[in-house]
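The values are calculated or read from the model by the stated rules, or taken from the named source; none is laboratory data. In this text the structure is predicted, and so the values were computed from the model without any measurement. All Cβ positions, glycine included, derive from the backbone under ideal geometry; neighbour counts span all protein chains shown.
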Amino acid sequence: GMDFFMNARECPGKQEWPELVGEYGYKAAAIIERENPNVRSIVKHERSGFTKDFRCDRVWVVVDSTGVVVRTPRVT
């Protein structure tokens, strides 16, 4: 469908959270969902697979083996 042509500029609300790098993943996920109620944040290990589709309502919260956020969470 037309979803292919969507990009973050067209999504509502806050788009990225550089300030959460170094935070614990599940705490970061809760903050993201509070700051942008349009999205669902999903905590994933940095070595796991990620789908390539783009969605306005999804934020990957990428963590290392200690559960700490290792890259800027953004709507993707």
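For the stretch 8-65, give me each residue that is farther than 13 Å from THR76 by Cβ and of a type in the set (Asp, Glu). Answer for the stretch 8-65, where residues must be farther than 13 Å from THR76 by Cβ and of a type in the set (Asp, Glu): GLU10, GLU19, GLU23, GLU33, GLU35, GLU46, ASP64.
Residues checked against (1) out of contact with any Gly (no Cβ under 6 Å at 6 or more places or on another chain); (2) modelled with pLDDT of 95 or more:
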site	(1), (2)
MET2	yes, no
PHE5	yes, no
TYR26	yes, yes
GLU35	yes, yes
ASP53	yes, no
VAL69	no, yes
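Please verify whether the stretch 28-35 includes one or more residues that are surrounded by 12 or more Cβ atoms within 10 Å (Cβ to Cβ) and on the phi > 0 side of the Ramachandran plot. Looking for residues that are surrounded by 12 or more Cβ atoms within 10 Å (Cβ to Cβ) and on the phi > 0 side of the Ramachandran plot, one finds none in the stretch 28-35, hence no.
Residue count for the stretch 23-76 under the criterion of being over 17 Å from PRO12 (Cα atoms) and basic (Lys, Arg): the result is 5.
Scanning the stretch 22-49 for residues that are aliphatic (A, V, I, L, M), more than 10 Å from VAL63 (Cβ to Cβ) and touching a Pro at 6+ places or on another chain (Cβ under 7 Å) yields a single hit, ILE32.
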